[in-house]
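The values are calculated or read from the model by the stated rules, or taken from the named source; none is laboratory data. Please read these numbers as outputs of a predicted model, since none were measured by experiment. Glycine gets a Cβ as well: all are built from the backbone with ideal geometry, and neighbour counts include every protein chain shown. These area figures cover heavy atoms from the full protein model, side chains too; ligands, DNA and RNA do not enter into them. Shrake-Rupley method; radii C 1.70, N 1.55, O 1.52, S 1.80 Å.
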Amino acid sequence: FKSILPGTNRRWFTIERIPNSNNGSGEPSEELELCYYKRASSDKTQRSGWLFLNDVLSLSQDIPNRWITIEHPTRILRLQSPTPA
């Protein structure tokens, strides 16, 4: 995804599974997180930020213009794909 608005930055995104041992049942579990990077590399040491997908409040899309808006308690991400999905 890329950003074309002034004051915004280009980022690359991945969805990653992370272990979560605090699910209340004592059983190992996983959570999904949306991770973003300044470069196309998905090397975890180069990660710029992340958010848990379980915490997303809303998700909307503008299909013709290829925009996805993710509302999270800490921020709102507005992403645009360079090509249609």
Inset, instruction - Any residue in region 38-55 that's more than 13 Å from Ile18 (Cβ to Cβ): show its pairings with residues that are among the small types (Gly, Ala, Ser) and open to solvent by less than 100 Å² (accessible area, probe 1.4 Å) at Cβ separation under 7 Å, as long as the two are six or more apart or on different chains. - result: Lys38/Ser48
Inset, instruction - Assess whether Pro82 counts as being on the phi < 0 side of the Ramachandran plot, assigned to a loop (DSSP other than H, G, I, E, B) and open to solvent by 100 Å² or more (accessible area, probe 1.4 Å). - result: no
Inset, instruction - Scan region 12-38 for residues that are at pLDDT 85 or above and either outside any strand (DSSP E or B) or surrounded by 11 or more Cβ atoms within 10 Å (Cβ to Cβ) (or both) and report the count. - result: 14
Inset, instruction - Could you check how many residues of region 39-79 are of a type in the set (A, V, I, L, M, F, W, C), open to solvent by 70 Å² or more (accessible area, probe 1.4 Å) and not in a loop (DSSP other than H, G, I, E, B)? - result: 3
